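Chemist: Attaching a single structure in C-alpha cells format; questions to follow.
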Amino acid sequence: MTPTMLLPRPDSVASGNGVFTLDTSTGITASGELAPTARWLQSVLRPATGLPLPMTGMAAPSPGGSTLALDLDPDLPAEGYRLACGPGGVTITGGDTAGVFYGCQALRQLLPPQIYRAAEAAGVRWAVPYGNIEDAPRFRWRGAMLDVARHFMPKHGVLRFLDLLAMHRINTLHLHLTDDQGWRVEILRHPRLTEVGSWRRESQLGAAPDAPNDGRPHGGYYTQGDLREIVAYAAERHITVVPEIDVPGHSQAAIAAYPALGVRGELLETSPRWGVNTNILNAEESTLGFFLEVFDEVMDLFPGPFIGIGGDECPTDQWDADPRTRELIRERGLAGSRELQAWFLGRIGAHVAARGRRVFGWDEILEGDVPEGIVVASWRGMTGARTAARRGYDVVSCPDDQAYLDYRQSELESEPIPFAVPLTLADAYGFDPVPDGLTGDEADRILGGQANVWTEHMDSPRAVDYYVFPRLCAIAEVLWSRGERDFDDFLVRLRTHLARLDALGVEYRREDGPRPWQTRPGIPGKPATRADWAELIDGLVASIKI
Ligand code: ACM
C-alpha cells in the first residue's frame, strides 16, 4: 500500500510485499459493540464485489477463511485507527467506534475505485495491498454546512451528501434550516411555518441586485420523521447533525407564515430575493415564546450537543424606527438595538443551555454580550476566531474567503453565476482553522473548521456537486491530516480519489473548468477582487468586541 491511495492523507503508511484478495471465503468479525460498524462495512462492500462477507463474532472467525477483523484499543486516540493488512486479511483497530469506522473508510480506499459502484463490477480483483496505516484526526470538529433554506435539498440528496461527508471523514453536518427564502423544518405547534414558509413564488436568478426573478415556484420541507431519519442515518456514519434556526434576522419566511412575528405587522411573502434583509423579528415576549417552542421541537429532533441560533446579518433599521421596540429597549434597561439583539439571543441561549445543550452561532454574536457556553462560527474572515479564542470561547473556523464553497472556483468567465472572490482548490487547501497570534491555550479553543455551502446559486443537487467537489476533498484533508501540507502531493492523491467520485456519480468540477452544462450563460454574477472583498469584510468585523 502507498500513501497515494489515501485521501485525507494518513499519519503514516508502511508498505508490505503482496496483496490480500477478498473472496467468497472472506468474513467480517467484530465484537458486539462494533456490530453496527460491521453491518455498515458489509453494506458498502457487498454491492460491487457481489461477495457474501458473512459476519461472525470475535470468538468464532469463519473457519479456514480470511477475515476483515474489527476491534477496539482504548490506548489509540479518539477517532484514530490502525489498519494492518497481511496474508490472513485485514485488521482494523480503533480508539473508539468512530475510529473503526474511519479505518473501514480507509479500507475502501485501498480497494480498486470500482468498490464505490452500487452493483456488481465484473472482472475486478478485490485486492488490498499488504501494509500498515496509523492515523488520527487533527481536529474534532470537521464540518460542512448545507443551506437547505435557499434551495431545498430533497431528503435522498441529504442522505447521499451524508455518505459523501463520511467518506471524507467529516463528522459534523450543520443544516441551515431556515432563512428569508424558506423554512424547511416541520414544527407541529406552528404548522404555517411550513404550510406558508416552505415555498416561495419565484427566485432571483443571479447575484446582481437587479437580477430578474425566474417566475417559477420553489419549495420543500422535511417532516419530523424525515429529520429523525436524517439524524439516525448520520449517526450510523458518526456524523452529528447541528440544526440551525436563524434568528432574529434572516426570518422573513417565518414572518410570512405568522405576520405577528414581524416588526411592522405587514403581510410579507417568503422572500424571492437573495441578500441581507431588513424584515427581522420583533422583540416581544410573545415572539420569543414562539421561538422557544420552535427550539423545543428542534431540540427534541436533534439530540446532538450543539444547537444553531444564527445571529448573523441582522440589520436593526426596523427596530430603530419602531416606537414599540424603542419602548421595549427602555423597559429592559438596554442601551440600544445592538444590545436588544444580544438580549434576544441571550434568552434563547439560556433556554438551550437549560436543556443541557450548547449554542452555536455566527460571529456577529461577539458584537454583544455572549450566551453561556457558546461555540462561535467565525465566517467573516478569521477575526471572530481570534477574538473568540482570546475571550475564552470555543470556535469553529469557516472564513468566507477560504471555506465558502458558493464562491467562484476560478477567474474563468464560464464559472456559473460567478460570485465573490475566486476560491480555488489551492485556496481551500491553504485554509488553516487556527489563526496566527494565539497562545497554546487560546489555540486549543479552535475545535476545528467547516466548509459552508450556501445555495442561492445552486438550484439542484447536481449544482451542489459542482461547487462542493473537489474543494471539500481539500478541506477534509485540512481538517483531518496532521503534519506538513503539500498541495502537489494532494493533487497526486486527488487524481486517484476522483476515480472514486466518478464511480459514485459525483459531478465534480473538472480541473479545466465547467463542462458546458455546468455553466449558466447569461445569468449575472457578482464577482469581486480579493482586495475589495478584504476591505468589505474588515468593515463588517469592525464592531466585534475585543
Ligand atoms: C453568513 O454567511 N451570513 C453566516
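Chemist: Give a residue-ordered list of calculated ³J(HN,Hα) values for segment 403-412 (Karplus: 6.51 cos²θ - 1.76 cosθ + 1.60, θ = phi - 60°; whole Hz; x for Gly, Pro).
Modeler: In residue order, the calculated couplings are 10, 9, 7, 8, 6, 4, 8, 6, 7, 4 Hz.
Chemist: Report the FRET efficiency, 1/(1 + (r/R0)^6), for Thr529 and Ala499, where r is their Cβ-Cβ distance and R0 is 35 Å, rounded to 0.05.
Modeler: E between Thr529 and Ala499, to the nearest 0.05, is 0.50.
Chemist: Among Leu301, Leu366, which comes first, then next, by fewest other beta-carbon atoms within 10 Å?
Modeler: Details: Leu301 20, Leu366 25.
Ascending number of Cβ neighbours within 10 Å: Leu301, Leu366.
Chemist: Mean residue ellipticity at 222 nm from the helices of the chain, using -39,500 (n - 2.57) per DSSP H segment of n ≥ 4 over the full residue count, to the nearest 500 deg cm²/dmol?
Modeler: So the helix-based figure for the chain works out to -10000 deg cm²/dmol.
Chemist: When the label point is put 7 Å from the Cα of Ala353 along its Cα-to-beta-carbon vector, which residues of segment 361-378 have a backbone N closer than 14 Å?
Modeler: Residues 361, 369-376 fall inside that zone.
Chemist: Want the number for Arg510 to Asp163: 0.36 nm per residue separation, take away the alpha-carbon distance, what's left?
Modeler: Result for the pair: 122.8 nm of gain on full extension.
Chemist: Could I ask something else about it? Using θ = phi - 60° and the Karplus relation 6.51 cos²θ - 1.76 cosθ + 1.60, list the HN-Hα couplings for segment 385-394 in order, rounded to whole Hz, with x at every Gly or Pro.
Modeler: Each residue of segment 385-394 in turn: 5, 5, 5, 4, 4, 5, 7, x, 9, 6 Hz.
Chemist: Sticking with this one: For the Cα atoms of the chain, what angle does the longest principal axis make with the long axis of helix 97-110, in degrees from 0 to 90, nearest 10?
Modeler: It is inclined by approximately 60 degrees.
Chemist: Give me the Å³ per residue figure for the convex hull around the C-alpha atoms of the chain.
Modeler: Working: hull volume 83.1 nm³, N = 546.
Considering the Cα atoms of the chain, their hull volume per residue is 152 Å³.
Chemist: Give the percent of DSSP beta bridges with both residues in the chain that are antiparallel, rounded to the nearest 5.
Modeler: 35
Chemist: Report ³J(HN,Hα) in whole Hz for each residue of segment 256-263, in order, from the Karplus equation J = 6.51 cos²θ - 1.76 cosθ + 1.60 where θ = phi - 60°; Gly and Pro get x.
Modeler: Listing the rounded values in order: 4, 6, 9, x, 5, 7, x, 6 Hz.
Chemist: Let me ask you something else. Once the piece of chain linking Glu331 and Ala235 is laid out straight, how much longer is it, given 0.36 nm per residue of separation minus the C-alpha distance between them?
Modeler: Full extension from Glu331 to Ala235 adds 30.1 nm.
Chemist: Next question, about the same structure. Once amide H atoms are built 1.01 Å from N in the peptide plane, which residues 5 or more positions from Glu202, or in another chain, come under 5 Å H to H?
Modeler: Answer set, sorted by chain and number: His218.
Chemist: Local charge sum around Glu327 (other residues, Cβ-Cβ under 14 Å, Lys/Arg +1, Asp/Glu -1)?
Modeler: Local net charge: -1.
Chemist: Working from the pairwise distances between different alpha carbons, so that the mean of 1/r is found and then inverted, what is segment 107-237's Kirkwood radius in Å?
Modeler: The Cα-based Kirkwood calculation yields 18.0 Å.
Chemist: Further question: Count charges around Tyr258 for me, please; just the other residues with Cβ under 14 Å from its Cβ, Lys/Arg as +1, Asp/Glu as -1.
Modeler: That sum, taken over residues with Cβ under 14 Å, equals -2.
Chemist: All other residues with a Cβ under 13 Å from the Cβ of Asp226 taken together, and with Lys, Arg as +1 and Asp, Glu as -1, what is their net charge? Kindly include the intermediate steps, with their values, before the conclusion.
Modeler: Numbers: positive: Lys155, Arg184, Arg228; negative: Glu186, Glu229.
So the environment of Asp226 carries a net charge of +1.
Chemist: How many angstrom separate the Cα center of segment 498-542 from the Cα center of segment 223-282?
Modeler: 25
Chemist: What residue among Phe101, Ile133, Leu111 has its Cα farthest toward the positive end of the dipole of segment 97-144, where the charges are +1 on Lys, Arg and -1 on Asp, Glu, each on the Cβ?
Modeler: It is Phe101, whose Cα lies furthest towards the positive end.
Chemist: Starting from the amide H of Gly88, placed 1.01 Å from N in the peptide plane, find each other amide H under 5 Å away whose residue is 5 or more places distant or on another chain.
Modeler: For Gly88, whose amide H was placed from the backbone, there are no distant partners under 5 Å.
Chemist: Relative to the longest principal axis of the chain, what angle (0 to 90°, nearest 10) does the C-alpha long axis of helix 285-301 take?
Modeler: Orientation of helix 285-301: about 10 degrees from the principal axis.
Chemist: Right, something else. Could you work out how much longer the chain between Ala208 and Ala321 gets when fully extended? Use 0.36 nm per residue separation minus the Cα distance between them, nm to one decimal.
Modeler: Details: separation 113, 0.36 × 113 = 40.68 nm, distance 2.80 nm.
Length difference between fully extended and current span is 37.9 nm.
Chemist: Which whole number of Å³ per residue matches the convex hull of the alpha-carbon atoms in segment 270-338? Kindly include the intermediate steps, with their values, before the conclusion.
Modeler: Details: hull volume 9.3 nm³, N = 69.
Here the figure is 135 Å³ per residue.
Chemist: Roughly how big is the chain's charge dipole about its Cα centre, with Cβ charges of +1 (Lys, Arg) and -1 (Asp, Glu), in debye to the nearest 20?
Modeler: So the dipole magnitude of the chain works out to roughly 1180 debye.
Chemist: Once amide H atoms are built 1.01 Å from N in the peptide plane, which residues 5 or more positions from Tyr130, or in another chain, come under 5 Å H to H?
Modeler: Gly16, Gly18, Val19, Phe20
Chemist: Okay, moving on. Among DSSP beta bridges lying fully in segment 1-126, give the percent that are antiparallel, nearest 5.
Modeler: 35
Readers should treat all values here as calculations from the given coordinates under stated rules, not as data from a laboratory. Quick caveat, the model's predicted, so the values are computed rather than measured. No Cβ is skipped: glycine too gets one built from the backbone with ideal geometry, and neighbour counts run over all protein chains shown.
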